[in-house]
Amino acid sequence: MKLKNKFVAVVPVYNMEDHIIACLQSIIEQDYQDVGIIIRDDMSTDDTAKIICDYIGCEDCRVTNFKGRDILFIKNKKKLNATGNVYESAMKYVEDDCVYGVIDGDDY
């Protein structure tokens, strides 16, 4: 399953429960509509994953359409760190002709 968007924001997160909603709202509220979002939870020990799922109504490894945005949420089963999360997301879940960028989970 790959996101079909022209642009994709990859958001690697680890223990970002205090910031993740503001980060997602910032991406979702952008005017340009052809932006998908991949959120990679790198085995957070806080409630980050629960907050994400409650907010967008998602399931792990399923594409959810939320407010017109395709969002793929992945809860890692092994630690990949930020670089590994971005690399794996780009290789597995983004089309070859897509432009992707990284947004830290505490940026908004």
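The values are calculated or read from the model by the stated rules, or taken from the named source; none is laboratory data. Please read these numbers as outputs of a predicted model, since none were measured by experiment. Glycine gets a Cβ as well: all are built from the backbone with ideal geometry, and neighbour counts include every protein chain shown. Heads up: the accessible areas ignore ligands, DNA and RNA and are worked out on the full protein's heavy atoms, side chains in. Shrake-Rupley method; radii C 1.70, N 1.55, O 1.52, S 1.80 Å.
Tell me, what HN-Hα J-couplings in whole Hz come from the Karplus equation 6.51 cos²θ - 1.76 cosθ + 1.60 at θ = phi - 60° for each residue of segment 95-108, using x for Gly and Pro?
Taking θ as phi minus 60°, the curve returns 5, 4, 8, 8, 9, 10, x, 10, 10, 4, x, 10, 9, 7 Hz for segment 95-108.
How much mean residue ellipticity at 222 nm does the chain get from its helices, if each DSSP H run of length 4 or more adds -39500 (n - 2.57) and you divide by all residues, to the nearest 500 deg cm²/dmol? Provide the component values of the computation, followed by the final result.
Details: 3 runs with 31 residues, N = 108.
Result for the chain, helices only: -8500 deg cm²/dmol.
So if I take the alpha carbon set of the chain, get Rg, then get Rh from the Kirkwood formula, what is the Rg over Rh ratio? Let's see the in-between values first.
Numbers: Rg = 12.3 Å, Rh = 13.4 Å.
My calculation puts Rg/Rh at 0.91.
Answer rounded, prolate or oblate for segment 64-108, using the Cα gyration tensor with square roots of eigenvalues a ≥ b ≥ c: rounded when a/c is under 1.5, else prolate when a/b is larger than b/c, else oblate.
On the way: a/c = 1.43, a/b = 1.21, b/c = 1.18.
Judged from the Cα gyration tensor, segment 64-108 comes out rounded (a/c under 1.5).
Got a sec to turn the phi values of segment 30-37 into Karplus ³J(HN,Hα) couplings, 6.51 cos²θ - 1.76 cosθ + 1.60 with θ = phi - 60°, whole Hz, x for Gly and Pro?
With the stated coefficients, segment 30-37 comes to 5, 5, 5, 8, 8, 10, x, 9 Hz.
Provide the per-residue ³J(HN,Hα) series for segment 7-21, in order, calculated from phi with Karplus coefficients 6.51, -1.76, 1.60 and θ = phi - 60°, each as a whole number of Hz, with x at glycine and proline positions.
10, 9, 9, 9, 10, x, 10, 8, 6, 10, 4, 7, 10, 5, 5
Could you work out what % of the accessible surface of the chain is carbon and sulfur, using a 1.4 angstrom probe and leaving DNA, RNA and ligands out of the count?
Values: 2930 of 5940 Å².
Ligands and nucleic acids excluded, carbon and sulfur reach 49 percent.
Ignoring ligands, DNA and RNA, how do 16, 1, 43 rank by accessible area with a 1.4 Å probe, largest first? It would help to have the intermediate numbers written out before the result.
On the way: 16 40, 1 120, 43 80 Å².
Most to least solvent-accessible, the answer reads 1, 43, 16.
Could you tell me which GluC sites (Glu not before Pro) in segment 1-61 are loop residues by DSSP with no more than 13 other beta carbons within 10 angstrom of their beta carbon?
On the way: sites: 17, 29, 59; in loops: 17, 29, 59.
Counting only loop positions with at most 13 other Cβ atoms within 10 Å, the GluC sites (Glu not before Pro) in segment 1-61 are 29, 59.
With +1 on each Lys and Arg Cβ and -1 on each Asp and Glu Cβ, and nothing else charged, work out how big the dipole of the chain is about its Cα centre, in Debye to the nearest 20. If you can, show how the numbers build up before the last one.
Numbers: 13 positive and 20 negative charges, 97 e Å.
Rounded to the nearest 20 debye, it is 460 debye.
For a quick check of your reading of the filter: which trypsin sites (Lys or Arg not before Pro) in segment 26-108 sit in a DSSP loop and have no more than 14 other Cβ atoms within 10 Å? Let's see the in-between values first.
Numbers: sites: 40, 50, 62, 67, 69, 75, 77, 78, 79, 92; in loops: 67, 77, 78, 79.
Counting only loop positions with at most 14 other Cβ atoms within 10 Å, the trypsin sites (Lys or Arg not before Pro) in segment 26-108 are 67, 77, 78, 79.
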